[in-house]
Amino acid sequence: MGTQLTPHVAVIGGGCAGLAAAVALTRAGVKTTLLDSSHQLGGRARGIGWQGVTLDNGQHILLGAYVQSLKLLQTCGVDIDANILRLPLKLEIPGEFSLTGKQRLPAPLHILFGLLQAQGLTLGERLAAVRFMASLRFRQFRLPADMPLQQLLATQPPRLIAMLWEPLCLAALNTPLATASAQTFLNVLRDSFARRKSDSDLLLPRADLSILIAEPAARFIKVHGSEIRLNTPVESLRERPNGIQLKFKEASEDFSHVVVATSPFRVAALLQSLPGMKETVSRCEALDYQPIYTVYLQYSPEIRLPNPMCGLANQLGQWVFDRGQLYGQAGLVAVVISAEGRHQGLTQASLAINIHQELQIVFPILQTITPLWHKVVAEKRATFACIAGLQRPGQTTAHPHIWLAGDYVGTGDTLLDYPATIEGAVRSGFQAAKNIINSL
Ligand SMILES: Cc1cc2nc3c(=O)[nH]c(=O)nc-3n(C[C@H](O)[C@H](O)[C@H](O)COP(=O)(O)OP(=O)(O)OC[C@H]3O[C@@H](n4cnc5c(N)ncnc54)[C@H](O)[C@@H]3O)c2cc1C
């Protein structure tokens, strides 16, 4: 082995994981270069322009339990109160179901009493929900072995599953109940419902995701002396006597350490020519994916829905957001459809019409009007499928100076693994940075 390079870390990929890693490394005074193949940072959490309007590649929501995401935003100087609407837990499906956390009670009583008084369920269904949550808490949200969530819910009443558990599973894991990892779902329930009451708060962005996350992170990275290169796809990695070489289309460059923070389906091309990477590569290659569609419908500006966010039951659409109330985009409604389903068989125009008709049934204010325009953003590989028993790639690789970071990366402890979320990505990025800093 030749003389080691002065520490200079390459972070490949500027999504939430790569941004978190680059911010943490920069903050610790480690020279860092963040490279992204795209013309913009943010990866799967980014603002997009559409006919002069700023949308998101997907309507996102965060939770009070997203402690590391909030830490990232705070570090980067984001005014969280101005840019995020924090609402106490309220899950509402108009005319069907309503669950409100009891704000005067501490966690988890706020949820247990909320369930006991939930509207739209029979007493038997409410008691079944309370018993289920209480038994999970008694078991500290641990399962002896992972299983499909549907199996864990086998004794829950069908209406309770349809109104509560299935919408939560799709929102959190973006994976159908039949295959979703029960343990990962319980990890989210534990972190959101069983600790501090504020963990179950709904955090709704009031600015597009680029303004909220990527741009402040990029400013922090640059102001504190690190470098960002956009439009810079890394093609592969090579071992060098004193570090790791990144190969670009027409050039190459040596770094002391590398954080691979791309989507998992880009990992093989980067790592497969390095010795010992077979397991990392094959675990990445084995992941399956689930889509998320966001249907934007622009109504006339005076249209205002009863709440900034609510659910839909037994429809194609699952969650509805009034971007007028959140972003000042009057009359703009975003409807999210998580995971695979029959919506994928529709053209974008007919999907938009279907969703509009669904909204007309739920919101009388829309009954006599039509949207001025629509835009469907279909993220076909929005997240990895968070299925039961999944063998995730770990953060370490066969090379001691190459680390993985991303929402799909396993922590090595199934009780800590998160689904594909901003929080999972940020945690993973922070951890990769910590591992490097500790090794210097
Ligand atoms: C539509 C949609 C809705 C979602 N809703 C929510 C939500 O409500 N709440 C929530 O918490 N999460 C949500 N998520 C998930 C969340 O967005 C992701 O978990 C998170 O953004 C993933 O970040 P990441 O850094 O792991 O990966 P990515 O964001 O995929 O970042 C990878 C980056 O690597 C870059 N890259 C790839 N290959 C190369 C290469 N060879 N060289 C250089 N750069 C490369 C890419 O350009 C990209 O910027 C949603 C995702 C989608 C798509």
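The values are calculated or read from the model by the stated rules, or taken from the named source; none is laboratory data. Everything numeric in this text was worked out from a predicted model, so none of it was measured. For neighbour counting, all protein chains shown are included, and Cβ atoms are generated from backbone atoms with ideal geometry for every residue, glycine included.
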ask   = Does Val267 satisfy the condition of being exposed (fewer than 15 other Cβ atoms within 10 Å of the Cβ) and closer than 21 Å to Leu25 by Cβ?
value = no
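One line per residue, one yes/no per condition, for (1) within 27 Å of the chain's Cα centre (by Cα); (2) outside the structural domain of Leu168 (by TED's automatic domain parsing); (3) among the charged types (D, E, K, R):
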site	(1), (2), (3)
Leu99	yes, no, no
Gln103	yes, no, no
Ile111	yes, no, no
Leu115	yes, no, no
Gln119	no, no, no
Thr122	no, no, no
Arg126	no, no, yes
Phe132	yes, no, no
Ser135	no, no, no
query = Failed condition for Gly424, given (1) in contact (Cβ under 8 Å) with a residue 40 or more places away in the chain; (2) buried (at least 24 other Cβ atoms within 10 Å of the Cβ); (3) not β-branched (Val, Ile, Thr), with all others met?
reply = (1)
ask   = Out of all the residues in segment 158-188, which are assigned to a helix (DSSP H, G or I), more than 16 Å from the ligand (Cβ to nearest atom) and either outside the structural domain of Glu96 (by TED's automatic domain parsing) or not polar (S, T, N, Q) (or both)?
value = Pro158, Arg159, Leu160, Ile161, Ala162, Met163, Leu164, Trp165, Glu166, Ala182, Leu186
inquiry  = Which of the helices (runs of 4 or more DSSP H) found entirely inside segment 251-360 contain at least 3 residues meeting this: within 14 Å of the ligand (Cβ to nearest atom) and farther than 23 Å from Gly95 by Cα?
reply    = 267-271
query = Got at least one residue in segment 91-100 being within 16 Å of the ligand (Cβ to nearest atom), crowded, with 17+ Cβ neighbours inside 10 Å and either in a loop (DSSP other than H, G, I, E, B) or in contact (Cβ under 8 Å) with a residue 60 or more places away in the chain (or both)?
reply = yes
task = Enumerate the pairs (first residue in segment 257-278 and in the same structural domain as His399 (by TED's automatic domain parsing) and on the phi > 0 side of the Ramachandran plot; second residue anywhere and part of a loop (DSSP other than H, G, I, E, B) and crowded, with 18+ Cβ neighbours inside 10 Å) with beta-carbon separation below 9 Å, excluding pairs fewer than 6 apart on the same chain, so at least 6 apart or on different chains.
result = Gly276/Thr397; Gly276/His399
Residues satisfying the stated conditions in segment 31-62, i.e. over 20 Å from Pro205 (Cα atoms), assigned to a loop (DSSP other than H, G, I, E, B) and more than 8 Å from the ligand (Cβ to nearest atom) = His39, Gln51
query = Is there any pair with a first residue in segment 243-255 that is in the same structural domain as His399 (by TED's automatic domain parsing) and a second that is hydroxyl-bearing (Ser, Thr, Tyr) whose Cβ atoms are under 7 Å apart and which are 6 or more apart or on different chains, and what are they?
reply = Gly243/Ser256; Gln245/Ser252; Leu246/Ser252; Lys247/Ser236; Phe248/Thr232
query = In segment 291-311, what residues are touching a Pro at 6+ places or on another chain (Cβ under 8 Å) and crowded, with 19+ Cβ neighbours inside 10 Å?
reply = Leu297, Gln298, Tyr299, Cys310, Gly311
